[in-house]
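So the structure is just underneath, and the comments pick up after that.
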Amino acid sequence: MPELPEMEAWRRALNDPVSAFPIEKAGPAHIATLKTIDPPLAALEGRRLAGAERRAKRLLFPTEDGELVLLVHLMTAGRLQYLLAGEEGPKTPAFRLRFRGGAQLILTEAGKKKRAGVWLLTPEQAGAELAHLGPEALGLGAERLGEILSGESRRLHSLLRDQRVIAGIGRAWANEILHAAKLSPYALSKDLKPEEVARLAAAIDSELERGLKLRESGANDKRTYRVHNKLGEPCHVCGTPLARVDFEEHTIYYCPVCQTGGRVLKDRRLSRLLR
């Protein structure tokens, strides 16, 4: 799933193009992709977007008149693409905006499952839709992070991925951040010492900024990630083969030397299956 670095890179790339011309045609949209019916998509036609904004893993496109907000959540397989006039795109995207002059913003989604979503909302509705999200991860700082950690008693990997607690981090960047901070994914949030909290706060900023810079330059996953999805490859710090813990909905990648003092983490779900 695209996370803060990927979504922020898209936001920056789309901000100027989507505000250049008024919308000529809004839609069509796949029935599973469009999550709202009132206001109708046609209400966008003739309006100009003010640009692109981001909240956590969502992109927002407010209209210049301040009356509507187009909200997009890409989920795992959704992708946005801005096509210049004359450029060919897919014949049946999940969602399409066509601008005056011929440019298009299209949403595609690989696979049969349509999980990506598009909402057309009033600003008040958009605020309510996003109200459950925690503070943005980038620039959180050690003091605020310490307050969050002290109020929870959870494994760090799980906590970092919880959008209600900290917004913008998913499974991939949680792996990268915890490795950079030299902290176990299973460490409990309440047990962290002040210096570990400071290290984690610094790693959140440094890793997300590194990811954003790479994504803006067009780097793919292989070039971007140093830990995530690198099972058995040497840790770039100590050379130890990276390890993995599999869960039903996500996978943890980590270095047994840098993060867990040589201890290999047990997958309780797998252990139960092997009994």
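Residues that are farther than 22 Å from residue 163 by Cα and out of contact with any Cys (no Cβ under 6 Å at 6 or more places or on another chain), at least 3 per element: which strands (runs of 3 or more DSSP E) completely within the stretch 1-74 meet that?
23-29
Select from the stretch 163-180 the residues that are part of a loop (DSSP other than H, G, I, E, B) and in contact with a helix residue (DSSP H, G or I) (Cβ under 8 Å, 6 or more places away or on another chain) and write down the one among them that is farthest from residue 54 (Cα to Cα).
165
Given the residues 216, 249, 209, which is the only one that is modelled with pLDDT under 95, open to solvent by 80 Å² or more (accessible area, probe 1.4 Å), of a type in the set (D, E, K, R) and closer than 23 Å to residue 76 by Cα?
249
Does residue 122 satisfy the criteria of being touching a residue at least 60 places away in the same chain (Cβ under 8 Å) and either closer than 28 Å to residue 204 by Cα or out of contact with any helix residue (DSSP H, G or I) (no Cβ under 6 Å at 6 or more places or on another chain) (or both)?
Yes; evaluated as a whole, the condition is true for this residue.
From 9, 56, grab the single residue that is out of contact with any Gly (no Cβ under 6 Å at 6 or more places or on another chain), open to solvent by less than 30 Å² (accessible area, probe 1.4 Å) and either among the hydrophobic types (A, V, I, L, M, F, W, C) or at pLDDT 95 or above (or both).
Of 9, 56, the one residue that is out of contact with any Gly (no Cβ under 6 Å at 6 or more places or on another chain), open to solvent by less than 30 Å² (accessible area, probe 1.4 Å) and either among the hydrophobic types (A, V, I, L, M, F, W, C) or at pLDDT 95 or above (or both) is 9.
For the stretch 40-53, which residues satisfy the criterion of being surrounded by fewer than 20 Cβ atoms within 10 Å (Cβ to Cβ) and either among the basic types (Lys, Arg) or at negative phi (or both)?
Of everything in the stretch 40-53, those that are surrounded by fewer than 20 Cβ atoms within 10 Å (Cβ to Cβ) and either among the basic types (Lys, Arg) or at negative phi (or both) turn out to be 40, 42, 43, 45, 47, 48, 50, 53.
Would you check if residue 134 is open to solvent by 20 Å² or more (accessible area, probe 1.4 Å) and not hydroxyl-bearing (Ser, Thr, Tyr)?
no
Being surrounded by 20 or more Cβ atoms within 10 Å (Cβ to Cβ), touching a Leu at 6+ places or on another chain (Cβ under 7 Å) and part of a loop (DSSP other than H, G, I, E, B): is that true of residue 227 here?
Yes; evaluated as a whole, the condition is true for this residue.
Can you tell me which residue is nearest to the chain's Cα centre (by Cα) among those in the stretch 150-177 that are of a type in the set (S, T, N, Q) and open to solvent by 20 Å² or more (accessible area, probe 1.4 Å)?
Among them, the one singled out is 163.
Go through the residues of the stretch 178-189 one by one and say whether even a single one is on the phi > 0 side of the Ramachandran plot, in contact with a Lys or Arg (Cβ under 9 Å, 6 or more places away or on another chain), small (Gly, Ala, Ser) and buried (at least 16 other Cβ atoms within 10 Å of the Cβ).
No, the stretch 178-189 has no match at all.
Identify the residue in the stretch 60-104 that is touching a Gly at 6+ places or on another chain (Cβ under 6 Å) and among the hydrophobic types (A, V, I, L, M, F, W, C) and, among all such residues, is surrounded by the most Cβ atoms within 10 Å (Cβ to Cβ).
Out of the qualifying residues, it is 83.
From the set of residues in the stretch 190-204 that are open to solvent by 40 Å² or more (accessible area, probe 1.4 Å) and touching a residue at least 24 places away in the same chain (Cβ under 8 Å), which is farthest from residue 59 (Cα to Cα)?
194
The values are calculated or read from the model by the stated rules, or taken from the named source; none is laboratory data. No experiment lies behind these values; they were computed from the predicted model shown. Cβ atoms come from the backbone with ideal geometry, glycine included; neighbour counts cover every protein chain shown. The accessibility values were calculated without ligands, DNA or RNA, using every heavy atom of the protein model including side chains. Shrake-Rupley method; radii C 1.70, N 1.55, O 1.52, S 1.80 Å.
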